[in-house]
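Encoded as structure tokens, the structure appears first; notes follow it.
A short reminder: the numbers here are calculations on the coordinates, not readings from a lab. Since this is a predicted model, take the numbers as computed values, not measurements. A quick note on method: Cβ atoms are made from the backbone with ideal geometry, for glycine too, and the neighbour counts reach across all protein chains shown.
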Ligand code: GLU
């Protein structure tokens, strides 16, 4: 049985949601609901910089601004077996290799021929068993697992950005500390829950070719992407807590909704009202500059 199509919002609970994150959540909800999709909420709490109290507050804030979702909130820490099964499948297919590189090793390694700037240079890709044993002894830490890809770039179609081509290198699927990497968990969860529409901040646009590659490799359908503009502070930098009143607790529901609605060119003061005004073709293409005061 195939799952009914769905969109989602998938925050990492490392800090309270700010007005920019709330706006992205509203947009994800508008995209899903305006196309008759289910809407899922997934808290991406795998990383050790994430906290369940923050995740719970994020859920409460999203409910407070009127967003609704289908089914219980999902927490990625409950999905470890799901990720492990996929990692074992990729391992069995000869698609994974151990990587002993530190960030510094990667920065200092010569660029692989034909590889774009910023791609993993392939240092650990073709090590012999002896070389691997030696690297393991030298580094003294457990290796990360990388996906053996067979390309350098990939192209996705994005509802906001059009055709986007970016790096598809041998990216990490499990970190050395055992934590499943973002690119794998997101692809596996989206497929497992019927998500066929990915709406998120455009800071993640550059990750989408890697994710689409992995989805294809695993035989999953590739979702539709919409990477929406971020919210910036008055200096043009990514909005952050130090910019002043930016969280729902600080600015309150009414003002948050009014700011989000105005930033999208709407007059509604509720998310249901925004749904009536929503037109994906008329989305602002530029970052929203937010004055926190
Ligand atoms: N958890 C990611 C973040 O908060 C977003 C993941 C996604 O939407 O694919 O940046």
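Give me the angle, in degrees from 0 to 90, between the Cα long axis of helix 19-34 and the longest principal axis of the Cα atoms of the chain, rounded to the nearest 10.
80
Give me 70, 129, 169 ranked fewest to most by other Cβ atoms within 10 Å of their Cβ, as a rough exposure proxy.
Least crowded to most crowded, the residues run 129, 70, 169.
State, as an integer percentage, the relative contact order of segment 1-97 based on alpha-carbon contacts under 8 Å between residues 6 or more apart.
The normalised contact order for segment 1-97 reaches 31 percent.
Using alpha-carbon pairs under 8 Å, 6+ residues apart, how would you state the relative contact order of the chain in percent?
20
Measuring from centroid to centroid over Cα atoms, what is the spacing of segment 118-172 and segment 1-21 in Å?
Answer, in whole Å: 26.
In terms of the Cα gyration tensor, with a ≥ b ≥ c the square roots of its eigenvalues, is segment 1-68 rounded because a/c is under 1.5, prolate because a/b exceeds b/c, or oblate?
Taking the square roots of the gyration eigenvalues as a ≥ b ≥ c, segment 1-68 is oblate.
How many angstrom lie between the C-alpha centres of segment 56-111 and segment 186-211?
11
Where does each of 141-151, 282-292 land if you order them by average Cβ count within 10 Å, highest first?
In descending order of packing, they fall as 141-151, 282-292.
Given an 8 Å cut-off on Cα distances and at least 6 residues of separation, report the relative contact order of segment 110-243 as a percent.
22
What 222 nm value per residue comes from the helices of the chain, counting each DSSP H run with n ≥ 4 as -39,500 (n - 2.57) and dividing by all residues, nearest 500 deg cm²/dmol?
Result for the chain: -10500 deg cm²/dmol, rounded to the nearest 500.
How would you order 250-262, 71-83 from highest to lowest mean count of nearby Cβ atoms within 10 Å?
Descending packing order for the listed peptides: 250-262, 71-83.
With r defined as the distance between the Cβ atoms of residue 159 and residue 245 and R0 fixed at 35 Å, what FRET efficiency is calculated, to the nearest 0.05?
E(calc), rounded to 0.05, equals 0.65.
Say each of residue 2 and residue 51 gets a label point 7 Å from the Cα, pointing the same way as Cα to Cβ; how far apart are those two points in nm?
Here the answer is 4.3 nm between the modelled labels.
What is the angle, in °, between the Cα long axis of helix 182-192 and the longest principal axis of the Cα atoms in the chain? Nearest 10 is fine, range 0 to 90.
70
Nearest 5 is fine: what % of DSSP beta bridges in the chain come out antiparallel, could you say?
45
Please check which bits of segment 149-163 a label hung off residue 131 would reach, taking the label as a point 7 Å along Cα-to-C-beta and the cut-off as backbone N under 19 Å.
149-151
Suppose the chain between residue 277 and residue 70 were pulled fully straight at 0.36 nm per residue; how much longer would it get relative to their current alpha carbon spacing?
Separation in residues times 0.36 nm, less the Cα-Cα distance, equals 72.3 nm.
Quick one: helix 80-92 against the long Cα principal axis of the chain, what's the angle to the nearest 10°, folded into 0 to 90?
It works out to around 40 degrees.
Taking other Cβ within 10 Å of each residue's Cβ, how do 86, 199 sort, fewest first?
Starting with the residue having the fewest Cβ neighbours, the order is 86, 199.
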